[in-house]
Amino acid sequence: MADWNYEIFWKETMNLIRKELSDQEFSMWFNIDYLRATEHEIFVTVPHPFYRDQVSSRYKKYIESKLKELTGKDLSILFEIKPSDVQIQAPALKKSTLRQSETPENSRNIPNSALSADTREEKKKGPHYQLNKDYTFDKYVIGDNNSFPANAALAIARNPGNSYPVFLIYGGVGLGKTHLMQAIGNYIYENSDSKVIYITAENFMNEFIQALKDDKMSAFKNKYRYVDALLIDDIHFFENKWETQEELFHTFNTLYDAKKQIVFTCDRPVSDLKKITDRLKSRFERGLNVDLQPPNYETRYAILKKKVETKNVLIPDEVIALISKNISSNIRDLEAALTKLIAYGELVGNPVTLEISRQQLKDVFASPKQSNMSIEVIQRVVAEEYKLSLIDLKGPKRTKKIVLPRQLAMYIAREITEYSTTDIGDYFGGRDHTTVMHSCKAIEERLQADPRLDSTIENLKRLIKEYNAKS
Ligand code: ADP
Ligand code: MG
């Protein structure tokens, strides 16, 4: 087939996308090079199969739609792996692991005495004293809400201090921040001789104050400034703790200059933190900041299913479905419901049926936190207000008359429901989550320029709530 050259279009597409995404997102995922093309296909290279899978599931359609805008043609993108360039390095293997992976012939050549004491000691390496041994990547279900954070975390764990020396995970309670952070810690600890410290922000402060009192600041500094990976959980706790912030600032700089890995979690975006010095905030924001969102139904189901399997208890699938359907707030609440059922089942010594589950979890399901506003209601109200059909609102048309209401509906869905951008995209004719993100951004920008839009949105929200209360 004849060669076609779409390279100029490719470059322009990348420029457009760079403007739409955050720098972090772009630099994380758009390590893509143009290779060659046929009339209907563009071949590009990515550094690693891991990237190929992620980029193709997250961005393929999005890139193709951008290309179509520029070329007017339906071009498919085909990913190939760049042969010599491996971006994510294999974990630094321990000596003992290397020996195990050698062929039996080779191992036999190693005299017994060469299996030195330190090797045996390494094999016995117990669990890390601060880390929960269950908080590993193996036990972390990857779903719509967390695939970007989880993959970034894995990349960081495999190559600490290199690709993203500062990593910050933020999101609401019970969404898996601590689990993901500790998975990084466990991975580094198990696969290398690196020194890993995990601590909550609160305990970091307590230790700091104690060290001051006991006149042991140099021991404190030695402990925190000579680690390979420092994980500090729940940094929103540092608000208003000025002395501790000062100490952390210097700890950060020392580790950063030494190219060590630093990981933080926070319950909100750093920009929303108050009473934290600007210079510390700018350090938090220096690296990759990713957010964890509430999981959708399928992910909730997958998480519960996995918990049931690892706990080795008998809970029928229909019960798992019931819980997943009714509890959408976060994963901690999901687990709590499951634990309650298991405890009940053990107590009465009967299998947990659907009926019993409904009975036992009635109050949990009825709590206000779980009553999710539906996206359909939002769509109906917005369509009615703008005199559009639902089909137009959800469909592909991009006339001016439709685009604003559609963006508003997506924006409001993002604000008042717990659905992820992926879910919302599904409700709008299978649009990609990046389109939803783009729409929300467009509304935010409009809000800046046109303050009247704010009251339009508030009015719509009120109508939606009224409608919801009636239905
Ligand atoms: P956070 O720190 O955000 O409040 P946690 O990390 O403590 O949340 O998570 C709450 C519970 O949910 C933990 O038991 C954790 O193991 C579980 N959990 C969270 N996310 C996942 C996931 N993706 N897969 C499996 N379990 C998860
Ligand atoms: Mg936590």
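The values are calculated or read from the model by the stated rules, or taken from the named source; none is laboratory data. Source: prediction; values computed, not measured. Counting neighbours? That spans all protein chains shown, and the Cβs are built from the backbone with ideal geometry, glycine included. Note: accessible area is taken over every heavy atom of the protein model, side chains too, but ligands, DNA and RNA are not part of it. Shrake-Rupley method; radii C 1.70, N 1.55, O 1.52, S 1.80 Å.
Couple of notes before you dig in:
- Filtering region 413-434 to residues that are open to solvent by less than 20 Å² (accessible area, probe 1.4 Å) and not small (Gly, Ala, Ser) leaves 417, 421, 423, 424, 428, 434.
- Residue count for region 205-243, restricted to those that are within 28 Å of the chain's Cα centre (by Cα), of a type outside the set (D, E, K, R) and more than 13 Å from residue 263 (Cβ to Cβ): 6
- Candidate set: region 161-204, residues that are within 15 Å of ligand 1 (Cβ to nearest atom) and part of a loop (DSSP other than H, G, I, E, B); chosen: the one most open to solvent (accessible area, probe 1.4 Å): 173
- Which listed residue is at pLDDT 90 or above, part of a helix (DSSP H, G or I) and surrounded by 15 or more Cβ atoms within 10 Å (Cβ to Cβ), from 62, 51: 62
- For region 175-188, the condition holds for at least one residue, the condition being that it is within 16 Å of ligand 2 (Cβ to nearest atom), among the hydroxyl-bearing types (Ser, Thr, Tyr) and out of contact with any helix residue (DSSP H, G or I) (no Cβ under 8 Å at 6 or more places or on another chain).
- Extreme residue, modelled with the lowest pLDDT, among residues of region 314-340 that are in contact with a Gly (Cβ under 9 Å, 6 or more places away or on another chain) and more than 16 Å from ligand 2 (Cβ to nearest atom): 314
- Given (1) of a type outside the set (Val, Ile, Thr); (2) farther than 19 Å from residue 374 by Cβ; (3) exposed (fewer than 15 other Cβ atoms within 10 Å of the Cβ), index of the condition residue 442 fails: (3)
- Only one of the listed residues (248, 292, 231, 255) is among the aliphatic types (A, V, I, L, M), at pLDDT 95 or above, within 28 Å of residue 159 (Cβ to Cβ) and within 16 Å of ligand 1 (Cβ to nearest atom). That residue is 231.
- If you go through region 136-160 and keep only what is of a type in the set (Phe, Trp, Tyr) and more than 8 Å from ligand 1 (Cβ to nearest atom), you end up with 137, 148.
- When 273, 322, 304 are screened for being closer than 30 Å to residue 163 by Cβ and of a type in the set (A, V, I, L, M, F, W, C), only 273 passes.
- Test: residue 11 is in a helix (DSSP H, G or I), open to solvent by 40 Å² or more (accessible area, probe 1.4 Å) and without any contact (Cβ under 8 Å) to a residue 12 or more places away in the chain: no
- In region 271-284, the residues that are modelled with pLDDT under 95 and assigned to a helix (DSSP H, G or I): 271, 272
- Taken as a whole, the structure places residue 462 among residues that are out of contact with any helix residue (DSSP H, G or I) (no Cβ under 9 Å at 6 or more places or on another chain), more than 19 Å from residue 61 (Cα to Cα) and among the basic types (Lys, Arg).
The rows are residues; the columns are (1) of a type in the set (Asp, Glu); (2) over 30 Å from residue 252 (Cα atoms); (3) not assigned by TED's automatic domain parsing to the domain that holds residue 357.
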position: 272; (1), (2), (3): yes, no, yes
position: 277; (1), (2), (3): no, no, yes
position: 303; (1), (2), (3): no, yes, no
position: 318; (1), (2), (3): yes, yes, no
position: 325; (1), (2), (3): no, yes, no
position: 334; (1), (2), (3): no, yes, no
position: 338; (1), (2), (3): no, yes, no
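- Test: residue in region 247-259 that is outside any strand (DSSP E or B) and either among the β-branched types (Val, Ile, Thr) or within 16 Å of ligand 2 (Cβ to nearest atom) (or both): yes
The rows are residues; the columns are (1) outside any loop (DSSP other than H, G, I, E, B); (2) within 24 Å of the chain's Cα centre (by Cα); (3) surrounded by 16 or more Cβ atoms within 10 Å (Cβ to Cβ).
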{"site": "300", "(1), (2), (3)": "yes, yes, yes"}
{"site": "303", "(1), (2), (3)": "yes, yes, yes"}
{"site": "329", "(1), (2), (3)": "no, yes, yes"}
{"site": "338", "(1), (2), (3)": "yes, yes, yes"}
{"site": "344", "(1), (2), (3)": "yes, no, yes"}
{"site": "379", "(1), (2), (3)": "yes, no, yes"}
{"site": "387", "(1), (2), (3)": "no, no, no"}
{"site": "397", "(1), (2), (3)": "no, no, no"}
{"site": "411", "(1), (2), (3)": "yes, yes, yes"}
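- One residue stands out in region 274-313 among those that are within 29 Å of residue 343 (Cβ to Cβ) and of a type in the set (S, T, N, Q): the one that is farthest from ligand 2 (Cβ to nearest atom), namely 312.
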